[in-house]
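Q: Okay, handing you the structure first.
The values are calculated or read from the model by the stated rules, or taken from the named source; none is laboratory data. Note that the structure is predicted; figures quoted are calculated from it, not measured. Positions of Cβ are generated from backbone atoms using ideal geometry, with glycine treated the same way; all protein chains shown enter the neighbour counts. Just the protein is used for accessible areas: all its heavy atoms, side chains included, with ligands, DNA and RNA removed. Shrake-Rupley method; radii C 1.70, N 1.55, O 1.52, S 1.80 Å.
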Amino acid sequence: MADRLQEYRNRVSDAVDSWQANVCNPYIIAYNTAYLSYNETFKKQKESDKARAELFVSAAAILPGSILMATAANASLRVLANRVALHTLANRNLTRVLNVYQAIGASPTAMFAVGKVLDGVKAEIGKQIKDSVTKAMQVSNNLLATDPLNRDKQLNTWLTNHKLCAFEAADAIEHNRAIGDAEKKRMFGLLQQAPIANKPVGIIDPSRLALKIELGFYMMALLDSDELITTQATGSGGIARSTSKPIDMMPSDPKYPRSTMPSYGPGYVGSYQSVGISRPGGDVEEQIDKVHKQVRGTAFYAPSGWFGKSDLATVKNKELTDAEKTLGWLATQTSPLTPLGLRS
(Lines give C-alpha, C1' and ligand atoms only; values in the text may rest on other atoms or scores of the structure.)
Protein backbone atom coordinates (compact mmCIF):
# COMPACT_ATOMS: atom_id res chain seq x y z
CA MET A 1 0.00 0.00 0.00
CA ALA A 2 1.75 3.10 -1.30
CA ASP A 3 -0.37 5.32 0.93
CA ARG A 4 0.91 3.52 4.02
CA LEU A 5 4.51 4.01 3.00
CA GLN A 6 4.03 7.67 2.16
CA GLU A 7 2.13 8.35 5.36
CA TYR A 8 4.98 6.82 7.33
CA ARG A 9 7.59 8.86 5.45
CA ASN A 10 5.60 12.04 6.08
CA ARG A 11 5.28 11.19 9.75
CA VAL A 12 9.02 10.60 10.15
CA SER A 13 9.89 13.78 8.23
CA ASP A 14 7.65 15.86 10.49
CA ALA A 15 9.09 14.22 13.60
CA VAL A 16 12.67 14.79 12.41
CA ASP A 17 11.91 18.49 11.89
CA SER A 18 10.62 18.61 15.45
CA TRP A 19 13.71 16.84 16.84
CA GLN A 20 15.89 19.29 14.93
CA ALA A 21 14.00 22.42 16.00
CA ASN A 22 13.22 21.47 19.60
CA VAL A 23 16.22 19.35 20.58
CA CYS A 24 19.28 19.62 18.32
CA ASN A 25 19.26 23.37 17.76
CA PRO A 26 18.52 24.37 21.38
CA TYR A 27 21.12 21.90 22.66
CA ILE A 28 23.83 23.29 20.40
CA ILE A 29 22.90 26.83 21.48
CA ALA A 30 23.04 25.80 25.16
CA TYR A 31 26.37 24.03 24.74
CA ASN A 32 27.99 26.91 22.84
CA THR A 33 26.75 29.44 25.41
CA ALA A 34 28.16 27.34 28.27
CA TYR A 35 31.42 26.71 26.45
CA LEU A 36 32.05 30.39 25.74
CA SER A 37 31.45 31.34 29.38
CA TYR A 38 33.61 28.47 30.63
CA ASN A 39 36.43 29.38 28.26
CA GLU A 40 36.25 33.04 29.23
CA THR A 41 36.36 32.14 32.92
CA PHE A 42 39.36 29.86 32.51
CA LYS A 43 40.93 31.85 29.64
CA LYS A 44 41.34 28.62 27.72
CA GLN A 45 40.93 29.88 24.15
CA LYS A 46 44.00 27.88 23.13
CA GLU A 47 42.96 24.53 24.48
CA SER A 48 43.39 21.65 22.07
CA ASP A 49 40.85 20.42 19.56
CA LYS A 50 40.84 17.08 21.34
CA ALA A 51 39.88 18.75 24.60
CA ARG A 52 37.01 20.62 22.92
CA ALA A 53 35.70 17.43 21.32
CA GLU A 54 35.99 15.67 24.66
CA LEU A 55 33.97 18.40 26.38
CA PHE A 56 31.14 18.11 23.87
CA VAL A 57 30.90 14.33 24.08
CA SER A 58 31.08 14.54 27.88
CA ALA A 59 28.26 17.07 27.98
CA ALA A 60 26.08 15.07 25.60
CA ALA A 61 26.66 11.87 27.59
CA ILE A 62 26.35 13.25 31.13
CA LEU A 63 23.84 16.07 30.49
CA PRO A 64 21.94 14.79 27.42
CA GLY A 65 18.53 16.41 27.80
CA SER A 66 17.02 13.87 25.41
CA ILE A 67 17.24 10.35 24.05
CA LEU A 68 18.54 11.81 20.81
CA MET A 69 21.65 13.38 22.37
CA ALA A 70 22.28 10.31 24.50
CA THR A 71 22.13 8.07 21.44
CA ALA A 72 24.47 10.36 19.52
CA ALA A 73 26.95 10.57 22.42
CA ASN A 74 26.91 6.80 22.81
CA ALA A 75 28.53 6.49 19.37
CA SER A 76 31.35 8.87 20.33
CA LEU A 77 32.41 7.64 23.75
CA ARG A 78 35.72 6.36 22.43
CA VAL A 79 37.04 9.94 22.60
CA LEU A 80 36.98 9.53 26.39
CA ALA A 81 38.84 6.23 26.29
CA ASN A 82 41.95 7.62 27.99
CA ARG A 83 39.98 9.23 30.81
CA VAL A 84 38.74 6.21 32.68
CA ALA A 85 36.82 8.05 35.41
CA LEU A 86 34.91 10.32 33.03
CA HIS A 87 34.24 7.48 30.61
CA THR A 88 32.84 5.38 33.44
CA LEU A 89 30.53 8.16 34.62
CA ALA A 90 29.39 8.91 31.06
CA ASN A 91 28.77 5.26 30.28
CA ARG A 92 26.83 4.75 33.50
CA ASN A 93 24.58 7.70 32.73
CA LEU A 94 24.02 6.64 29.12
CA THR A 95 23.09 3.16 30.27
CA ARG A 96 20.39 4.65 32.50
CA VAL A 97 19.09 7.00 29.82
CA LEU A 98 19.09 4.49 26.97
CA ASN A 99 17.33 2.01 29.20
CA VAL A 100 14.32 4.34 29.06
CA TYR A 101 13.55 2.88 25.66
CA GLN A 102 15.30 -0.42 26.29
CA ALA A 103 18.22 0.11 23.93
CA ILE A 104 20.64 -1.70 26.24
CA GLY A 105 22.05 -4.80 24.60
CA ALA A 106 20.98 -3.58 21.18
CA SER A 107 22.20 -0.83 18.92
CA PRO A 108 20.91 2.54 20.16
CA THR A 109 21.07 3.67 16.52
CA ALA A 110 18.75 0.84 15.53
CA MET A 111 16.38 1.52 18.40
CA PHE A 112 16.16 5.25 17.69
CA ALA A 113 15.53 4.79 13.99
CA VAL A 114 13.52 1.57 13.67
CA GLY A 115 12.48 0.66 17.21
CA LYS A 116 11.86 -3.04 17.82
CA VAL A 117 10.95 -3.97 14.26
CA LEU A 118 13.95 -6.32 14.05
CA ASP A 119 12.52 -8.53 16.79
CA GLY A 120 11.18 -11.66 15.16
CA VAL A 121 11.23 -10.49 11.52
CA LYS A 122 12.00 -12.91 8.72
CA ALA A 123 15.63 -13.33 7.77
CA GLU A 124 15.51 -11.59 4.37
CA ILE A 125 13.79 -8.43 5.61
CA GLY A 126 15.82 -8.47 8.79
CA LYS A 127 19.04 -8.47 6.77
CA GLN A 128 17.91 -5.53 4.65
CA ILE A 129 16.98 -3.51 7.73
CA LYS A 130 20.20 -4.44 9.54
CA ASP A 131 22.18 -3.36 6.48
CA SER A 132 20.44 0.03 6.59
CA VAL A 133 21.21 0.37 10.29
CA THR A 134 24.84 -0.60 9.77
CA LYS A 135 25.20 2.01 7.05
CA ALA A 136 23.67 4.68 9.29
CA MET A 137 26.07 3.74 12.09
CA GLN A 138 29.09 3.89 9.80
CA VAL A 139 28.37 7.41 8.59
CA SER A 140 27.21 8.68 12.00
CA ASN A 141 29.74 7.18 14.35
CA ASN A 142 31.05 10.31 16.02
CA LEU A 143 30.32 13.86 17.11
CA LEU A 144 33.88 15.04 17.35
CA ALA A 145 33.76 18.31 15.40
CA THR A 146 35.32 21.14 17.37
CA ASP A 147 34.02 24.13 15.40
CA PRO A 148 30.49 25.11 16.52
CA LEU A 149 29.13 25.32 12.96
CA ASN A 150 30.64 21.98 12.00
CA ARG A 151 29.27 20.39 15.14
CA ASP A 152 25.80 21.69 14.30
CA LYS A 153 26.03 20.30 10.76
CA GLN A 154 27.41 17.03 12.05
CA LEU A 155 24.45 16.55 14.37
CA ASN A 156 22.07 17.46 11.56
CA THR A 157 23.74 14.86 9.34
CA TRP A 158 23.44 12.28 12.12
CA LEU A 159 19.70 12.90 12.39
CA THR A 160 19.21 12.86 8.60
CA ASN A 161 21.02 9.53 8.28
CA HIS A 162 18.71 8.05 10.88
CA LYS A 163 15.73 9.32 8.91
CA LEU A 164 17.06 7.65 5.76
CA CYS A 165 17.61 4.46 7.74
CA ALA A 166 13.96 4.51 8.81
CA PHE A 167 12.86 5.15 5.21
CA GLU A 168 14.91 2.22 3.92
CA ALA A 169 13.48 -0.08 6.58
CA ALA A 170 9.94 0.94 5.60
CA ASP A 171 10.72 0.41 1.90
CA ALA A 172 12.11 -3.05 2.61
CA ILE A 173 8.93 -4.03 4.45
CA GLU A 174 6.46 -2.52 1.98
CA HIS A 175 8.06 -3.97 -1.15
CA ASN A 176 8.73 -7.44 0.19
CA ARG A 177 6.49 -9.97 -1.55
CA ALA A 178 7.11 -12.77 0.91
CA ILE A 179 4.88 -11.36 3.65
CA GLY A 180 1.22 -10.51 3.68
CA ASP A 181 -0.47 -7.21 4.30
CA ALA A 182 -1.40 -8.05 7.88
CA GLU A 183 2.26 -8.72 8.75
CA LYS A 184 3.34 -5.52 7.00
CA LYS A 185 0.80 -3.57 9.00
CA ARG A 186 2.15 -5.08 12.22
CA MET A 187 5.72 -4.20 11.29
CA PHE A 188 4.79 -0.64 10.35
CA GLY A 189 3.18 -0.36 13.76
CA LEU A 190 6.56 -1.25 15.31
CA LEU A 191 8.35 1.27 13.11
CA GLN A 192 5.93 3.97 14.21
CA GLN A 193 6.84 3.37 17.86
CA ALA A 194 10.50 4.31 17.28
CA PRO A 195 11.53 7.75 18.64
CA ILE A 196 12.37 9.08 15.19
CA ALA A 197 8.78 8.57 14.06
CA ASN A 198 7.40 10.61 16.95
CA LYS A 199 7.78 14.25 17.89
CA PRO A 200 9.54 14.99 21.18
CA VAL A 201 7.36 16.35 23.95
CA GLY A 202 8.11 20.01 24.57
CA ILE A 203 11.28 21.92 23.78
CA ILE A 204 14.70 22.19 25.41
CA ASP A 205 15.21 25.58 27.05
CA PRO A 206 18.75 26.59 26.00
CA SER A 207 19.11 29.26 28.70
CA ARG A 208 18.38 26.79 31.51
CA LEU A 209 20.43 23.98 30.01
CA ALA A 210 23.40 26.27 29.31
CA LEU A 211 23.83 26.99 33.03
CA LYS A 212 23.75 23.29 33.89
CA ILE A 213 26.24 22.43 31.17
CA GLU A 214 28.55 25.22 32.31
CA LEU A 215 28.34 24.00 35.91
CA GLY A 216 29.07 20.50 34.63
CA PHE A 217 32.21 21.77 32.91
CA TYR A 218 33.46 23.26 36.17
CA MET A 219 32.76 20.07 38.07
CA MET A 220 34.71 18.07 35.47
CA ALA A 221 37.59 20.53 35.79
CA LEU A 222 37.60 20.17 39.58
CA LEU A 223 37.61 16.39 39.26
CA ASP A 224 40.70 16.77 37.06
CA SER A 225 42.54 18.80 39.68
CA ASP A 226 43.79 16.01 41.94
CA GLU A 227 47.10 14.20 41.76
CA LEU A 228 48.90 11.50 43.70
CA ILE A 229 52.24 12.76 45.05
CA THR A 230 54.73 10.07 46.01
CA THR A 231 57.81 11.02 48.04
CA GLN A 232 60.71 8.58 48.04
CA ALA A 233 62.43 7.38 51.18
CA THR A 234 65.54 9.27 52.19
CA GLY A 235 68.60 8.45 54.30
CA SER A 236 70.71 10.71 56.45
CA GLY A 237 71.33 14.00 54.67
CA GLY A 238 69.44 12.89 51.61
CA ILE A 239 67.09 15.08 49.59
CA ALA A 240 63.54 13.88 49.37
CA ARG A 241 62.40 13.48 45.77
CA SER A 242 58.75 13.53 44.80
CA THR A 243 56.85 12.50 41.70
CA SER A 244 53.22 13.10 40.86
CA LYS A 245 50.62 11.72 38.50
CA PRO A 246 46.94 12.54 37.87
CA ILE A 247 44.35 10.45 39.69
CA ASP A 248 41.98 9.04 37.10
CA MET A 249 39.18 7.82 39.34
CA MET A 250 36.30 9.37 41.19
CA PRO A 251 36.59 10.23 44.91
CA SER A 252 33.82 7.72 45.64
CA ASP A 253 35.82 4.85 44.15
CA PRO A 254 36.87 2.43 46.92
CA LYS A 255 40.31 2.30 45.30
CA TYR A 256 40.78 6.06 45.41
CA PRO A 257 44.25 6.64 46.91
CA ARG A 258 44.63 7.93 50.44
CA SER A 259 47.43 9.91 52.01
CA THR A 260 49.91 7.90 54.07
CA MET A 261 52.42 8.82 56.78
CA PRO A 262 56.12 8.07 56.43
CA SER A 263 57.90 5.72 58.78
CA TYR A 264 60.90 7.04 60.70
CA GLY A 265 64.17 5.58 61.86
CA PRO A 266 67.64 6.81 62.79
CA GLY A 267 68.68 8.98 59.87
CA TYR A 268 65.86 7.57 57.79
CA VAL A 269 62.47 8.78 56.54
CA GLY A 270 60.33 6.24 54.72
CA SER A 271 58.41 6.87 51.53
CA TYR A 272 54.88 8.19 51.69
CA GLN A 273 52.14 9.51 49.46
CA SER A 274 49.67 12.36 49.57
CA VAL A 275 46.75 13.57 47.49
CA GLY A 276 47.30 17.04 46.08
CA ILE A 277 44.31 19.12 44.97
CA SER A 278 44.76 22.38 43.07
CA ARG A 279 42.02 24.96 43.38
CA PRO A 280 41.21 26.92 40.20
CA GLY A 281 41.71 30.39 41.72
CA GLY A 282 39.56 33.23 43.00
CA ASP A 283 37.93 34.43 39.77
CA VAL A 284 37.01 30.92 38.68
CA GLU A 285 35.77 30.01 42.13
CA GLU A 286 33.53 33.09 42.14
CA GLN A 287 32.04 32.03 38.81
CA ILE A 288 31.52 28.49 40.07
CA ASP A 289 29.67 29.86 43.11
CA LYS A 290 27.61 32.17 40.88
CA VAL A 291 26.51 29.42 38.49
CA HIS A 292 25.95 26.95 41.34
CA LYS A 293 23.63 29.48 43.00
CA GLN A 294 21.73 29.97 39.74
CA VAL A 295 21.28 26.24 39.26
CA ARG A 296 20.98 24.91 42.81
CA GLY A 297 20.29 27.98 44.95
CA THR A 298 23.45 27.84 47.08
CA ALA A 299 27.17 28.55 46.69
CA PHE A 300 29.43 25.60 45.91
CA TYR A 301 32.29 26.56 48.19
CA ALA A 302 32.08 26.82 51.96
CA PRO A 303 32.19 30.41 53.30
CA SER A 304 35.73 31.79 53.58
CA GLY A 305 37.24 32.98 56.84
CA TRP A 306 39.44 35.98 57.47
CA PHE A 307 42.31 34.38 55.58
CA GLY A 308 40.32 32.92 52.68
CA LYS A 309 39.33 29.31 52.07
CA SER A 310 40.83 26.71 54.34
CA ASP A 311 43.68 24.73 52.82
CA LEU A 312 43.07 21.75 55.04
CA ALA A 313 43.17 18.49 53.08
CA THR A 314 39.79 17.47 54.50
CA VAL A 315 38.20 20.66 53.11
CA LYS A 316 39.71 20.19 49.66
CA ASN A 317 38.74 16.53 49.63
CA LYS A 318 35.16 17.49 50.42
CA GLU A 319 35.16 19.94 47.50
CA LEU A 320 36.23 17.11 45.20
CA THR A 321 33.56 14.80 46.61
CA ASP A 322 30.96 17.56 46.24
CA ALA A 323 32.01 18.05 42.60
CA GLU A 324 31.31 14.39 41.89
CA LYS A 325 27.95 14.56 43.64
CA THR A 326 27.01 17.73 41.76
CA LEU A 327 27.91 16.14 38.43
CA GLY A 328 25.76 13.14 39.31
CA TRP A 329 22.88 15.44 40.27
CA LEU A 330 23.20 17.30 36.96
CA ALA A 331 23.16 14.01 35.07
CA THR A 332 19.94 12.99 36.79
CA GLN A 333 18.31 16.38 36.28
CA THR A 334 18.99 16.41 32.53
CA SER A 335 18.14 12.78 31.78
CA PRO A 336 14.77 12.23 30.08
CA LEU A 337 12.23 10.13 31.93
CA THR A 338 10.46 8.90 28.80
CA PRO A 339 11.65 8.15 25.23
CA LEU A 340 10.14 11.38 23.91
CA GLY A 341 10.67 13.46 27.03
CA LEU A 342 13.05 16.42 27.28
CA ARG A 343 14.76 17.79 30.39
CA SER A 344 16.72 21.00 30.49
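Q: How high is the relative contact order of the chain, in percent, with contacts defined as C-alpha pairs under 8 Å that are six or more residues apart?
A: Details: 472 pairs, mean separation 88.0, N = 344.
Relative contact order, the chain: 26 percent.
Q: Which aspartates and glutamates have a Cα lying under 16 Å from the Cα of K163, excluding residues fewer than 8 positions away in the same chain?
A: Hits, sequence-local ones excluded: E7, D14, D17, D131, D171.
Q: Nearest 10 degrees is fine. How inclined is helix 181-191 to the longest principal axis of the chain, computing both from alpha carbons?
A: The angle comes out near 20 degrees.
Q: How many Å² of accessible area per residue for the chain, probe 1.4 Å?
A: On the way: 16820 Å² over 344 residues.
Dividing the accessible area of the chain by its residue count gives 49 Å².
Q: Angle check, please: helix 282-296 long axis (alpha carbons) against the longest principal axis of the chain (alpha carbons), in degrees 0 to 90, nearest 10.
A: 40 degrees
Q: Okay, next question. Helix 313-333 versus the longest principal axis of the chain: what is the Cα-based angle in degrees, 0 to 90, to the nearest 10?
A: Taking the Cα atoms of the chain, the angle to 313-333 is about 10 degrees.
Q: Let me ask another. Can you list which of the trypsin sites (Lys or Arg not before Pro) found in the stretch 169-218 are DSSP loop residues with at most 10 other C-beta atoms within 10 Å? Could you put the intermediate results ahead of the total?
A: Working: sites: R177, K184, K185, R186, R208, K212; in loops: R177.
Answer in residue order: R177.
Q: Give a residue-ordered list of calculated ³J(HN,Hα) values for the stretch 167-173 (Karplus: 6.51 cos²θ - 1.76 cosθ + 1.60, θ = phi - 60°; whole Hz; x for Gly, Pro).
A: Each residue's phi maps through the Karplus curve to give 4, 5, 5, 5, 4, 4, 6 Hz.
Q: Additional query: Percent of accessible area on the chain owned by carbon and sulfur, 1.4 Å probe?
A: 54 percent
Q: With a 10 Å cut-off between alpha carbons and a GNM built on the chain, which of I277, I179, I247 moves the most?
A: I179
Q: Counting only helical runs of four or more DSSP H residues, what would the 222 nm mean residue ellipticity of the chain come to if each run contributes -39,500 (n - 2.57) and the total is spread over all its residues?
A: Working: 12 runs with 189 residues, N = 344.
Using -39500 (n - 2.57) per qualifying helix, the result is -18000 deg cm²/dmol.
Q: OK, next. With only Lys, Arg, Asp and Glu charged, each at its Cβ (+1 for the first two, -1 for the last two), find how big the charge dipole of the chain is about the Cα centre; round to the nearest 20 debye. If you can, show how the numbers build up before the last one.
A: On the way: 40 positive and 33 negative charges, 88 e Å.
Its charge dipole is roughly 420 debye.
Q: Using a basic spin-label model with each label point 7 Å from the Cα along Cα→Cβ, how many nm lie between D181 and T243?
A: Inter-label distance under the simple model: 7.6 nm.
Q: Here's another thing I want to ask about it. Gaussian network model of the chain, Cα springs within a sub-10 Å range: biggest mean-square fluctuation belongs to which of M69, M187, M261?
A: Highest fluctuation among the options: M261.
Q: Using +1 on the beta carbon of Lys and Arg, -1 on that of Asp and Glu, and nothing else charged, what's the dipole of the stretch 231-299 about the Cα centre, debye to 20? Don't skip to the end; give the middle numbers.
A: Numbers: 8 positive and 6 negative charges, 31 e Å.
The dipole magnitude comes to about 160 debye.
Q: Greater than 28 Å separation of Cα atoms is the criterion. Which listed pairs, K130/K184; K199/K290; K153/K199; K135/K199; K255/K290; K153/K185, meet it?
A: On the way: K130/K184 17 Å; K199/K290 35 Å; K153/K199 21 Å; K135/K199 24 Å; K255/K290 33 Å; K153/K185 35 Å.
In this structure, K199/K290; K255/K290; K153/K185 lie more than 28 Å apart at Cα.
Q: Could you tell me which residue out of S274, G189, P257 lies farthest along the dipole of the chain toward its positive end? Charges go on the beta carbon: Lys and Arg +1, Asp and Glu -1, centred on the Cα centre.
A: Highest projection toward the positive end goes to G189.
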